[in-house]
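One structure is given below, encoded as structure tokens.
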Amino acid sequence: MPLKLSDTYDLSNYVIILTGATDGIGKEMARILSGFNAKRLILPARNIEKGNKVLEYIKSSNGHANNVEIWEMDLADLQSVKNFANKFINEVGELHMLLNNAGFMSSRAINKTKDNLESQFQVNHLAPFLLTLLLLDTMKKSVSAELPGKIAFTSSSVHFSGEIDFDNLNLEKGAYLNPFKSYGNTKLMNVITAKELGRMVQNENISTYSLHPGVIRTNVNNTSDTFGYLILSLLFTFTGESAEQGAVNVLYPVLSPENKETGKYYHEGIEKEPYKLANDQELAKKLWNISEQILRDHGMI
């Protein structure tokens with residue numbers, strides 16, 4: 001039976017950042033969160049015009065968009081992420097919920113960002129990792145036992161096919177031989193990051209989550225220049241759940257007050273054991289340290 005959200009949630013004390021809100025499940029998450037009367041709901045968008053369309057969508061759906069703001073940020077540009085975080089710290093200064101929802105799947109040959117990093121590695125892992133690092137102290141100062149913090153990463157069940165190859169984190173060696181492989185690697189990084197961060201903040205009134213929303217009819221598969229990806233797109237279109245149900249599947253564990261244990265993985269809203277690599281603490285520490293080092297090398301931290 002599909003999960004349903006209670007209509008009694010009150011987020012009037014919550015300042016929330018939600019990435020990936022211009023399309024798919026993120027768009028539905030923005031609509032739902034605004035309707036729960038979030039104190040401030042900030043939606044970073046690479047394309048401001050698409051962001052404004054989300055505002056119009058929310059207004060037409062529930063008429064509750066006065067608490068929603070569109071801010072510019074491009075996950076494919078690390079300096080843009082840092083600029084967003086600095087602006088947020090200076091102009092808002094409090095944060096209770098960070099939903100790292102944006103995701104990207106590509107079948108193209110190696111596609112580099114302006115930071116000379118493979119696009120999926122940066123957009124799916126390194127940029128949300130940076131955003132989280134930069135905003136973590138602000139969240140720690142904002143939350144309490146009565147108003148706990150929440151940090152979520154929208155992952156995927158494809159993480160079960162992922163691996164962490166420290167000689168190929170930038171996905172430059174055979175990354176696209178399997179259409180799921182590079183995407184699965186970065187989605188595994190999301191699960192590992194959520195678990196490792198959860199261990200680090202377990203005494204800070206902050207819970208962390210990684211979440212598989214289900215097979216959803218969205219354009220996360222943003223390319224399709226191969227036959228395999230055409231088949232994948234058709235599969236998503238005809239067998240996937242609605243974006244609204246995907247949004248519910250992500251928000252249900254995050255908003256449920258009983259889910260206080262940190263670092264857990266949820267499959268369509270239900271707690272599930274993740275891929276065994278996600279439980280390797282030495283692997284997690286190494287991924288964390290190397291990710292920090294890459295960001296340090298780029299002058300971001």
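Residues in segment 263-276 that are in contact (Cβ under 8 Å) with a residue 40 or more places away in the chain and more than 20 Å from the chain's Cα centre (by Cα): none. Under the condition of being under 18 Å from the mean Cα position of the chain (by Cα) and among the hydrophobic types (A, V, I, L, M, F, W, C), the residues counted in segment 55-85 number 9.
Please enumerate the residues belonging to segment 124-150 that are of a type in the set (A, V, I, L, M), under 19 Å from the mean Cα position of the chain (by Cα) and more than 24 Å from S182 (Cβ to Cβ).
Taking segment 124-150 as the starting set, the residues that turn out to be of a type in the set (A, V, I, L, M) are 126-127, 130-131, 133-136, 139, 143, 145, 147.
Imposing the further condition that a residue be under 19 Å from the mean Cα position of the chain (by Cα) reduces the set to 126-127, 130-131, 133-136, 139.
Across segment 124-150, the qualifying residues are L134, L135, L136, M139.
One residue stands out among those in segment 16-42 that are assigned to a strand (DSSP E or B) and either within 12 Å of the chain's Cα centre (by Cα) or charged (D, E, K, R) (or both): the one that is nearest to M139 (Cα to Cα), which is I17.
Only a single criterion out of (1) closer than 30 Å to E118 by Cα; (2) of a type in the set (G, A, S); (3) outside any helix (DSSP H, G or I) is not satisfied by S6, namely (1).
Taking segment 48-158 as the region of interest, the strands (runs of 3 or more DSSP E) fully inside it that hold 1 or more residues being surrounded by fewer than 19 Cβ atoms within 10 Å (Cβ to Cβ) are 68-72. Which members of segment 181-214 meet the condition of being crowded, with 17+ Cβ neighbours inside 10 Å, in contact with a Ser or Thr (Cβ under 7 Å, 6 or more places away or on another chain), modelled with pLDDT under 95 and part of a loop (DSSP other than H, G, I, E, B)? Across segment 181-214, there are no qualifying residues. Being over 16 Å from H125 (Cα atoms) and of a type outside the set (S, T, Y), is that true of even one residue in segment 282-295? The answer is yes; a qualifying residue exists. Taking the stated definitions as given, is L147 touching a residue at least 60 places away in the same chain (Cβ under 8 Å) and closer than 18 Å to G103 by Cα? It is false that L147 is touching a residue at least 60 places away in the same chain (Cβ under 8 Å) and closer than 18 Å to G103 by Cα. Inspect segment 94-101 for any residue being at pLDDT 95 or above and among the charged types (D, E, K, R) and give the result as yes or no. Yes.
Taking segment 84-124 only, how many residues are charged (D, E, K, R) and in contact with a Gly (Cβ under 7 Å, 6 or more places away or on another chain)?
So in segment 84-124, the residues charged (D, E, K, R) come out as 87, 91, 94, 108, 112, 114-115, 118.
From the residues that got through so far, the ones that are in contact with a Gly (Cβ under 7 Å, 6 or more places away or on another chain) too are none.
So the count comes out to 0.
Looking at segment 257-301 only, could you name the residues that are small (G, A, S) and either part of a strand (DSSP E or B) or closer than 20 Å to F166 by Cβ (or both)?
Hits for segment 257-301 are A278, A284, S291.
The values are calculated or read from the model by the stated rules, or taken from the named source; none is laboratory data. Just so it is clear, the model here is predicted, and its values are computed rather than measured. Glycine gets a Cβ as well: all are built from the backbone with ideal geometry, and neighbour counts include every protein chain shown.
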